[in-house]
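Shown next, in structure tokens, is the structure this report addresses.
The values are calculated or read from the model by the stated rules, or taken from the named source; none is laboratory data. These numbers come from a predicted model, not from an experiment. A quick note on method: Cβ atoms are made from the backbone with ideal geometry, for glycine too, and the neighbour counts reach across all protein chains shown. Note: areas computed on protein heavy atoms with side chains; ligands, DNA, RNA excluded. Shrake-Rupley method; radii C 1.70, N 1.55, O 1.52, S 1.80 Å.
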Amino acid sequence: KNEWKKASSDYYPELLTDPRLGRHADRLMKQMGSVAELLDGIESSGELKKRTGTELEYKLPEYEIDGVIFRGRADRVDFFDDGFVVIDYKSNRSNDHRNELQLAAYSVIINKTTGARPLGYGWIGHRDASFYGYFATDGLRQAYLSSKPRKGIEDFLVLAESTMKEMADSIKTNMF
């Protein structure tokens, strides 16, 4: 709560001073507290103690497909000896993003440019303080307190790679 007050007064002082925004400030503070509890639960996992590093605002290496460059910046990447997990923070519910390919594409890019293995990816939703993701193992899924998805990570990685190829083809032929 102390960090919330400092950050909001430094960057969004109107949240604390404008009475019309009071209910929004209260909601945002509660969401922040709930997400902090979720992150504390994730961080306390024994599985995450195997993590070798974490990078925030991780700039992905450029990835080229047939002359088309793909770039991106991941909110967070957790690194392990045997691979990595990509995480994105969202203001709405985490499972609202379950069919999106952005993080799968980030995972493909990191894999293709560094050789590191994608162990998982997922979203942290501020609205409901939840994590929804796709993982290579149930142990990692449980460590990140993620709901169990209906599809596996491999399905989305293959789809993301083929979609990037289709995007490159469409850009090269001016059909986009």
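Observations on the model:
- When D66 is tested against (1) out of contact with any helix residue (DSSP H, G or I) (no Cβ under 8 Å at 6 or more places or on another chain); (2) at positive phi, exactly one condition is not met: (1).
- Within the range 76-87, considering residues that are open to solvent by 10 Å² or more (accessible area, probe 1.4 Å) and assigned to a strand (DSSP E or B), the one farthest from H126 (Cα to Cα): F80
- Taking first residues from the range 110-138 that are in a helix (DSSP H, G or I) and partners that are of a type in the set (G, A, S), the Cβ contacts under 7 Å between residues at least 6 apart in sequence or on separate chains come to I110/A116.
- Total residues in the range 26-48, condition surrounded by 14 or more Cβ atoms within 10 Å (Cβ to Cβ) and of a type in the set (D, E, K, R): 1
- Selection from the range 52-65 of residues that are within 16 Å of R117 (Cβ to Cβ) and open to solvent by 60 Å² or more (accessible area, probe 1.4 Å): T52
- Number of residues in the range 1-14 that are surrounded by fewer than 11 Cβ atoms within 10 Å (Cβ to Cβ) and under 22 Å from E37 (Cβ atoms): the value is 4.
- Of the set (1) among the β-branched types (V, I, T); (2) open to solvent by less than 20 Å² (accessible area, probe 1.4 Å); (3) free of Cβ contacts under 8 Å to residues at least 40 places away in the same chain, all apply to I69 but (2).
- Any chance D128 is modelled with pLDDT of 95 or more and either charged (D, E, K, R) or in contact with an Asp or Glu (Cβ under 6 Å, 6 or more places away or on another chain) (or both): no
- Test: R150 is among the basic types (K, R) and either assigned to a strand (DSSP E or B) or open to solvent by less than 30 Å² (accessible area, probe 1.4 Å) (or both): no
- Residue match in the range 20-36 (condition: touching a strand residue (DSSP E or B) at 6+ places or on another chain (Cβ under 7 Å) and of a type in the set (A, V, I, L, M, F, W, C)): yes
- Exactly one residue out of K112, K90, K59 is in contact with a Lys or Arg (Cβ under 6 Å, 6 or more places away or on another chain) and either basic (K, R) or closer than 20 Å to D169 by Cβ (or both), and it is K59.
- All of L159, L145, L101 fail the test of being open to solvent by 50 Å² or more (accessible area, probe 1.4 Å), over 21 Å from E47 (Cα atoms) and among the aliphatic types (A, V, I, L, M), apart from L159.
- Test: residue in the range 15-25 that is open to solvent by less than 50 Å² (accessible area, probe 1.4 Å) and hydrophobic (A, V, I, L, M, F, W, C): yes
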